[in-house]
Amino acid sequence: MNVITIAGNKPMELNIKNENDPRIKFVKIAFKRRLIALIEDGLEWVIMSGQMGVELWAAQVIIELKDLYSIKLGIFPPFLEYESRWPEIYQESFLKVIEQADFYQPLYNENYKAPYQFINKDYWLIEKSDGCLLLVDEEYPGTVGYLLDKIKKEQDKSNYMIIYITPEDLEEIVREKQENNQMELD
């Protein structure tokens with residue numbers, strides 16, 4: 001895979017109420033491990049909308065990895081001022097990420113108009129990528145379920161790959177870090 005998209009839950013869907021929540025570091029460790037393996041297998045680009053939560057945290061990991069690996073990040077929000085209704089901390093994180101991304105372009109050069117912008121964003125990301133790295137609990141997918149449904153339909157027609165990071169994967173990282181008395185980021 002040369003190009004993947006990343007998606008996952010929003011903070012409130014994970015019951016994460018602020019950016020100091022210690023669970024975020026485990027999400028980042030999971031993404032870091034999966035992304036390094038993908039980069040070593042030829043991954044060149046990660047594209048995403050930059051949604052608050054999992055996508056922003058993954059984008060932060062990609063920016064860190066750019067120091068060591070040849071990986072590029074493209075941010076494609078569905079419309080202008082995508083982040084304008086988010087809490088301020090996430091707005092700031094989004095602006096920092098787009099400053100450091102290799103490419104940034106809203107898909108619609110207008111503010112929010114209707115749900116079709118989100119729907120078309122999902123189809124665009126699928127069309128432009130070879131696969132998706134998803135952090136999701138399939139039993140309770142939250143809003144990422146809309147994208148997952150579209151991806152599964154695409155997967156039936158092509159070789160589109162889905163790589164999951166599950167709640168069990170995160171629990172395993174927590175156990176591993178506790179066993180090693182190493183609760184800091186890798």
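The values are calculated or read from the model by the stated rules, or taken from the named source; none is laboratory data. Every value quoted in this text rests on a predicted model; they were computed, and no experiment measured them. Quick reminder, even Gly has a Cβ in these numbers, built from the backbone with ideal geometry, and neighbours come from all protein chains shown. What goes into the accessible areas is simple: the full protein's heavy atoms, side chains included, and nothing from ligands, DNA or RNA. Shrake-Rupley method; radii C 1.70, N 1.55, O 1.52, S 1.80 Å.
Annotations
- For region 158-186, taking the residues that are charged (D, E, K, R) and open to solvent by 70 Å² or more (accessible area, probe 1.4 Å), the one that is modelled with the lowest pLDDT is identified as 186.
- Residue in region 138-169 that is nearest to the chain's Cα centre (by Cα), counting only those that are within 19 Å of residue 121 (Cα to Cα) and among the aliphatic types (A, V, I, L, M): 144
- Taken over region 30-58, the criterion of being hydrophobic (A, V, I, L, M, F, W, C), closer than 17 Å to residue 103 by Cα and touching a strand residue (DSSP E or B) at 6+ places or on another chain (Cβ under 6 Å) is satisfied by 45, 46, 47, 48, 58.
- Considering residues of region 54-74 that are farther than 15 Å from residue 19 by Cβ and aliphatic (A, V, I, L, M) only, the residue most open to solvent (accessible area, probe 1.4 Å): 68
- Only residues that are within 15 Å of residue 87 (Cα to Cα), assigned to a loop (DSSP other than H, G, I, E, B), open to solvent by 30 Å² or more (accessible area, probe 1.4 Å) and of a type outside the set (S, T, N, Q) were counted across region 1-53, and they come to 3.
- Cross-chain or 6+ apart pairs with Cβ under 7 Å, region 96-112 first and at negative phi and of a type in the set (Ser, Thr, Tyr), then surrounded by 15 or more Cβ atoms within 10 Å (Cβ to Cβ) and in a loop (DSSP other than H, G, I, E, B): 108/78; 108/79; 112/79
- Looking across region 81-102 at every residue that is assigned to a loop (DSSP other than H, G, I, E, B) and in contact with a strand residue (DSSP E or B) (Cβ under 7 Å, 6 or more places away or on another chain), the one that is nearest to residue 11 (Cα to Cα) is identified as 101.
- All of (1) of a type in the set (A, V, I, L, M, F, W, C); (2) in contact with a helix residue (DSSP H, G or I) (Cβ under 8 Å, 6 or more places away or on another chain); (3) over 21 Å from residue 106 (Cβ atoms) hold for residue 148 with one exception: (2).
Residue by residue, here is whether (1) among the aromatic types (Phe, Trp, Tyr); (2) under 27 Å from residue 178 (Cβ atoms) holds:
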residue: 27; (1), (2): no, yes
residue: 36; (1), (2): no, yes
residue: 41; (1), (2): no, no
residue: 45; (1), (2): yes, no
residue: 66; (1), (2): no, no
residue: 76; (1), (2): yes, no
residue: 87; (1), (2): no, no
residue: 93; (1), (2): no, no
residue: 106; (1), (2): no, no
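- Of the set (1) open to solvent by 20 Å² or more (accessible area, probe 1.4 Å); (2) more than 20 Å from residue 130 (Cβ to Cβ), all apply to residue 77 but (1).
- Within region 89-132, the set of residues being at pLDDT 95 or above, farther than 30 Å from residue 1 by Cα and open to solvent by 30 Å² or more (accessible area, probe 1.4 Å) comprises 91, 92, 110, 111, 112, 113.
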